[in-house]
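One structure is given here, and the rest of the page talks about it.
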Amino acid sequence: MRWFEGCLELLDQTKLPSEVAYVRCTTSDEVVSAIKSMVVRGAPAIGVAGAYGVALAGIRALNDVQEADFYNFLNGACEQIAASRPTAVNLTWAVERMRSAWSGSGLREPREVVDLLVSEAKRLHQSDFESNKRLSRYGAKLVPKGARILTHCNAGALATTGHGTALGVIRTAFEKDKTLHVIADETRPLLQGARLTTWELTIEGIPTTLITDNMAGHLMAKSEIDLVLVGADRVAANGDVANKIGTYMVAVLAARHNIPFYVACPWSSIDLKTVTGDAIIIEERDAGEVLGYSSLRWAPDNVRVRNPAFDVTPAELVTAIITDRGVIDGPSTASIRVFNQGVHT
Ligand code: MRU
């Protein structure tokens with residue numbers, strides 16, 4: 001994504017890999033619809049897009065809204081942006097950052113507030129990129145030479161502001177070790193692994209093999225996976241991890257086969273206000289995504305469908321969480337609290 005001439009430009013991830021097209025958002029409503037339709041997706045990416053959405057609401061309010069209604073308009077846009085997808089904490093995190101930037105600034109003049117909102121969104125954009133680079137350096141140390149790494153969904157540059165979390169660790173590890181190999185789960189129903197992860201990795205020449213989701217257990221049983229590396233949409237205070245549907249299944253398989261299961265995420269994905277994973281709201285998406293893909297349909301229209309977009313992996317199945325503050329081994333309420341207080345080594 002990029003901020004260009006007062007607009008947010010988003011690479012349209014719904015069209016990849018067959019078409020590279022951009023969507024231009026000039027209003028916060030357009031940002032909300034881009035997030036809901038997954039033009040932009042991935043927890044850190046929707047957080048930063050949401051921050052730009054708040055800035056766009058400010059620009060709109062400056063031009064079209066009475067000065068007395070400026071803050072009402074801005075607050076309304078914040079509510080809509082925060083509610084556009086429920087599971088990733090990064091959206092509410094980014095909106096709260098934007099709110100505290102203007103409320104803590106002491107500025108009242110709308111023009112000055114809008115300038116502040118634009119620069120705060122740019123700051124969050126830059127800081128997400130730096131977090132990815134930092135956590136990737138920590139994570140790369142955990143990747144043995146020649147590792148065969150299973151990943152699920154897309155936690156790459158596309159899902160963030162660049163470099164990526166799980167794929168960021170892989171990118172950084174690959175700089176030193178050209179023999180590593182990625183096994184990408186297809187990730188039904190929206191195929192983020194098949195469409196996006198393979199696209200990102202093959203562009204950079206990182207060896208990648210695509211499998212369907214139901215093949216992971218077989219490859220583990222045949223000793224063809226050395227470690228699992230995934231991203232996160234929200235980590236509860238006790239270390240439970242919400243991530244793309246199917247992650248829990250992979251974690252159970254990894255435990256069965258004694259394979260390390262790593263989660264990579266920036267600190268902004270850790271939600272200390274949510275005590276355990278049970279309290280995380282799991283987005284349910286449209287039945288059409290399960291009945292077929294794009295214009296193809298392979299199930300009868302009248303069949304009952306469930307389509308939870310995420311699941312929760314209990315902390316006990318997570319070997320470590322790789323963050324920009326360091327690696328939390330065996331995550332728990334106590335170990336996460338230590339990192340939050342900054343007293344880790
Ligand atoms: O529904 P999506 O594609 O937005 O889900 C994305 C994921 O689950 C990613 O693994 C997660 O957001 C981490 S991205 C760095």
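The values are calculated or read from the model by the stated rules, or taken from the named source; none is laboratory data. What you see is a predicted model, and the numbers here were worked out from it, not measured in a lab. Don't worry about glycine lacking a Cβ; one is built from the backbone with ideal geometry, like all the others, and counts go over all protein chains shown. These area figures cover heavy atoms from the full protein model, side chains too; ligands, DNA and RNA do not enter into them. Shrake-Rupley method; radii C 1.70, N 1.55, O 1.52, S 1.80 Å.
Structure summary
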quantity: Cut-off under 5 Å, modelled amide H: who pairs with Thr209 long-range; calculated: Val182, Ile183, Ala184
quantity: Accessible surface of the stretch 94-188, 1.4 Å probe, proportion on carbon and sulfur as whole %; calculated: 51 percent
quantity: Karplus-derived 3J(HN,Hα), 6.51/-1.76/1.60, for each residue of the stretch 310-322, Hz, glycine and proline x; calculated: 9, 9, 10, 9, x, 3, 5, 8, 9, 5, 7, 10, 9
quantity: Taking N as its residue count, the alpha carbon Rg of the stretch 116-159 over 2.2 N^0.38 Å; calculated: 1.56
quantity: Cross-link table Lys36/Lys244; Lys15/Lys122; Lys141/Lys178; Lys133/Lys176, entries beyond 19 Å C-alpha to C-alpha; calculated: Lys15/Lys122
quantity: Hull shadow area, averaged, the stretch 62-155 [alpha-carbon convex hull, nm²]; calculated: 8.3 nm²
quantity: Per residue solvent-accessible surface (Å²) - the chain, probe of 1.4 Å; calculated: 43 Å²
quantity: Distance (nanometres) between label positions extended 7 Å along Cα→Cβ at Glu79 and Gln126; calculated: 3.4 nm
quantity: Rough spin-label spacing in nm, given labels placed 7 Å along Cα→Cβ, for Arg111 and Ala279; calculated: 4.4 nm
quantity: Contact order relative to length of the stretch 140-281, as percent, for alpha carbon pairs under 8 angstrom and 6 or more apart; calculated: 25 percent
quantity: Protection proxy ranking, peptides 324-332, 113-121, average beta carbon neighbours within 10 Å, highest first; calculated: 113-121, 324-332
quantity: Table column - 3J(HN,Hα) (Hz), the stretch 159-174, Karplus curve with 6.51, -1.76, 1.60, x for Gly and Pro; calculated: 8, 9, 9, x, 6, x, 9, 4, 6, x, 4, 5, 4, 5, 5, 5
quantity: Pairwise label distance in nanometres, Arg2 with Asn72, each label 7 Å out on the Cα-Cβ vector; calculated: 3.9 nm
quantity: Cα extents of the stretch 1-148 along the three principal axes, largest first (Å); calculated: 61, 35, 29
quantity: Cβ-placed point charges (K, R +1; D, E -1), dipole of the stretch 59-137 about Cα centre in debye, nearest 20; calculated: 520 debye
quantity: Protection-proxy order for peptides 289-298, 127-136, 156-165, each taking the mean of Cβ atoms within 10 Å per residue, highest first; calculated: 156-165, 127-136, 289-298
quantity: Surface share of carbon and sulfur [accessible, 1.4 angstrom probe, percent] for the stretch 199-345; calculated: 53 percent
quantity: Percent breakdown of C-alpha pair distances by 20 Å bin, ordered from the shortest bin, for the chain; calculated: 31, 57, 11, 0
quantity: Rounded to 5, the percent of DSSP beta bridges in the chain classed as antiparallel; calculated: 55 percent
quantity: Within the stretch 175-192, backbone nitrogen closer than 12 Å to the virtual label 7 Å beyond the Cα of Leu296 toward Cβ; calculated: 191
quantity: Linear extension gain, Arg137 paired with Thr212, 0.36 nm per residue minus alpha-carbon span; calculated: 24.1 nm
